[in-house]
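Visitor: The structure under discussion is supplied below as structure tokens; questions concerning it will follow.
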Amino acid sequence: MKVTLDGVPVMNGAGTVNAEALNASKAVVSLNGEKSAPRQRVTRTLNVSVIGTGYVGLVTGAILADQGSNVICVDNNPAKLEVIERGESPIYEPGLDKIIQSALRAGRLKTSGDLAAAVENSDVVYIAVGTPPSADGTPDLTAVIQVVNQIAPAIKKHITLVTKSTVPVGTGDLIENTLQDLGVDPNLVDVVSNPEFLREGSAVYDTFNPDRIVVGVNRPGAEIKLLELYGRYGCPILVTNRTSAELIKYASNSFLAVKISFINAISRICEQSGADVAEVAKGMGLDSRIGKQFLNAGLGWGGSCFPKDVQGLLKCAETTGYDFTMLKSAEDINNDQTSHFMSRLRDQLGTFEGKTIALLGLAFKPNTDDIRDAKALEIIDLLKAGGAKIRAYDPVAMPNMMEVHPDIEYKSGGQETVEGADAVILVTEWEEFKWLDFDLTASTMKGDLLFDGRRAFRREDVEKSGLRYFTIGV
Ligand code: UDX
């Protein structure tokens, strides 16, 4: 087994049987060198339960089954389980249904509403239930603790209990203490933190091609079953203490959010100074210490993770007595970004009152139907408050938006949406919008304003058609 300069064990490349990778090693070396797993032959197929078939749980379960484990996906919503049993994915995620179908066909993926039975037959139990933000910004652990209470009586042989949901720092300790209070023999459970880093819309790709896997343990060797499960991914597997693993998740997502807010702050300077934020980002990103990813200026970050995790880290900092002003500023910049963009549109239109505005894209980013904390929601609120008429189109997120805003006009394609509009706003940079016919758009619109919230179009292409083009950071 290769070990990086930092002492991080690097498992063999994809396709190599994980057991071989483990057997070849003298020991599994942790980051700090403290822990080492016994040298052993690993030939078994692990039985895995994944509790919660939401985004993280379903992707984890389906892919582990695809990779050879026997997986039971557990959920208290029978309707969801029926959908999975039919070989469909209850969430929109490219490629996931095919993986579910092949795992079902191979007999390695099952579903169940019986939590206790699933746990009794499992070597590894993942907790992947929802941890939505509560009123004060901290993740609500009700569902996690409920699961712990339900599984406690079913723990009769050793299990590795893995938190996959994003949980506050210290949740592993809380789970361990809860199990002890419930009378579970501590030798029968290893509570492990294994944060998820997959992105919506590319979750399948990300799970097969992770940059790193983090396993946080509080007992030497507690990581071994997860190393068996993950051994075939050709990426560093970092074994840390449990609290560090929990913090790595928050720190990573918050850092990325800060990076986006930083470039969005630079975009504001660009708008006033004659610089172009795309050029600035390119020049910065070529410095390998900075890196070019997550430097796309736009309407700001949204989704189910960044807003929640930034809040979670702020709360965590607060409990340690640290005032994390930099992270608060990143949040402020993000909150201001869309309203600033919309005020530029209002300046051009004079007023929103009575204007027809076409929205291209509603999801918080492309390739997902998720509208949680989507910038489209903020835009719709501002337009409604200003008295505008809204027409919108998104390839997959419209049903979700219809539940929140049934009163706006939904269209069946981008070209149809822009017809008769005073202004068009590109909200989500779906690939299909790149093929918008600008000449046709110019001739069918009432007005001539194209506001690009994601810097998805080329100015010269748009302006050739006679449309007026406005975007972020220039
Ligand atoms: C994120 C993390 O990337 C992932 O590791 C973690 O597991 C969950 O949270 P996700 O929420 O799916 O994933 O979306 P991501 O692709 O990271 O984008 C987050 C937001 O940032 C989106 O609103 C996106 O539009 C925005 N973004 C991203 C930018 O505005 N600019 C960028 O350069 C990159």
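Only the coordinates and a few stated rules stand behind these numbers; no lab work does. Given the structure is predicted, the values throughout are model-derived calculations rather than measurements. Quick reminder, even Gly has a Cβ in these numbers, built from the backbone with ideal geometry, and neighbours come from all protein chains shown.
Visitor: Which residue, chosen from N296, A278, S252, occupies the Cα position most advanced towards the positive end of the dipole of the range 243-319, where the dipole is computed from +1 (Lys, Arg) and -1 (Asp, Glu) charges on Cβ about the Cα centre?
Guide: Farthest towards the positive end: S252.
Visitor: Per 10 Å bin, what is the whole-percent P(r) computed from every C-alpha pair distance within the chain?
Guide: Taking all Cα pairs of the chain, the binned fractions are 4, 18, 26, 24, 16, 9, 2, 0 percent.
Visitor: Could you check the spin-label model distance between S134 and S288? Points 7 Å from the Cα along Cα→Cβ, value in nm.
Guide: Calculated label separation equals 4.6 nm.
Visitor: Now a separate question. Once the other residues with Cβ under 9 Å from the Cβ of K411 are scored (Lys, Arg +1; Asp, Glu -1), what is the net sum?
Guide: Values: positive: R391; negative: E409, E416, E419.
Result for the neighbourhood of K411: -2.
Visitor: Another question, if that's okay. Excluding same-chain residues fewer than 8 positions from K80, which lysines have a Cα within less than 23 Å of its Cα?
Guide: Reachable lysines: K98, K110, K164.
Visitor: A follow-up question, please. About the Cα centre of the range 153-304, what is the dipole size in debye to 20, counting +1 per Lys and Arg Cβ and -1 per Asp and Glu Cβ, all else neutral? Don't jump to the answer; show the numbers that get you there.
Guide: Values: 15 positive and 16 negative charges, 45 e Å.
Dipole about the Cα centre, nearest 20: 220 debye.
Visitor: Hey, another quick one. With charges only on Cβ, +1 for K and R and -1 for D and E, what is the dipole size of the chain about its Cα centre, in debye, rounded to 20? Mind showing how you got there, number by number?
Guide: Numbers: 48 positive and 61 negative charges, 267 e Å.
With Lys and Arg at +1 and Asp and Glu at -1, about 1280 debye.
Visitor: Put +1 on the Cβ of each Lys and Arg and -1 on the Cβ of each Asp and Glu in the chain; which of L81, V125, A388 then has its Cα farthest toward the positive end of the dipole?
Guide: Selected residue: V125.
Visitor: Using a Förster distance of 25 Å, how high is the FRET efficiency between E416 and E82, based on the Cβ-Cβ distance and rounded to 0.05? It would help to have the intermediate numbers written out before the result.
Guide: Numbers: r = 35 Å, r/R0 = 1.39.
For E416 and E82, the calculated efficiency is 0.10.
Visitor: For the residues R468, R454, R86, R346, what sequence is obtained by ranking on other C-beta atoms within 10 Å, fewest first? Kindly include the intermediate steps, with their values, before the conclusion.
Guide: Details: R468 14, R454 23, R86 11, R346 17.
Neighbour counts put them in this order, fewest first: R86, R468, R346, R454.
Visitor: Looking at the chain only, what percent of DSSP beta bridges run antiparallel? Nearest 5 please.
Guide: On the way: 5 of 51 bridges.
Around 10 percent of the beta bridges assigned by DSSP in the chain are antiparallel ones.
Visitor: If you stretched the chain out fully between D114 and T351, how much longer would it get, using 0.36 nm times the residue separation minus the C-alpha to C-alpha distance?
Guide: On the way: separation 237, 0.36 × 237 = 85.32 nm, distance 5.68 nm.
Here the answer is 79.6 nm.
Visitor: Mean separation of Cα pairs under 8 Å and 6+ residues apart, divided by the residue count of the chain: what relative contact order is that in percent?
Guide: 12 percent
Visitor: Please arrange L141, L58 by counting, for each residue, the other beta carbons lying within 10 Å of its beta carbon, fewest first.
Guide: Details: L141 19, L58 25.
Sorted ascending by nearby Cβ count, the order is L141, L58.
Visitor: Tell me which of V50, Q67, L450 sits at the most positive position along the dipole axis of the chain, charges placed on C-beta atoms (Lys, Arg +1; Asp, Glu -1).
Guide: Of V50, Q67, L450, it is Q67.
Visitor: Rounding to the nearest 10 and keeping the result within 0 to 90°, find how far the Cα-based axis of helix 142-151 lies from the longest principal axis of the chain.
Guide: Tilt of helix 142-151: around 20 degrees.
Visitor: Can you give the Kirkwood hydrodynamic radius of the range 274-474 from its Cα pairs, in Å with one decimal?
Guide: 17.8 Å
Visitor: Taking 8 Å as the Cα distance limit and 6 or more residues as the minimum spacing, I'd like the relative contact order of the range 274-474 as a percentage.
Guide: Numbers: 335 pairs, mean separation 42.5, N = 201.
Relative contact order here is 21 percent.
Visitor: Using unit Cβ charges (K, R positive; D, E negative) and no other charged atoms, how large, in debye to the nearest 20, is the dipole of the range 281-328 about its Cα centre? The partial results should precede the final answer.
Guide: Numbers: 6 positive and 4 negative charges, 38 e Å.
I would put it at about 180 debye.
Visitor: Same structure, new question: Could you tell me how many degrees, from 0 to 90 and to the nearest 10, lie between the Cα long axis of helix 171-181 and the main elongation axis, the longest principal axis, of the Cα atoms of the chain?
Guide: Result, in degrees: 40.
Visitor: Something else: Is it possible to state the helix-based mean residue ellipticity at 222 nm for the chain, with each DSSP H run of 4+ residues giving -39500 (n - 2.57), the sum divided by total residues, to the nearest 500 deg cm²/dmol? What is it? Intermediate values should be presented prior to the final figure.
Guide: Working: 18 runs with 193 residues, N = 474.
Counting only the DSSP helices, I get -12000 deg cm²/dmol.
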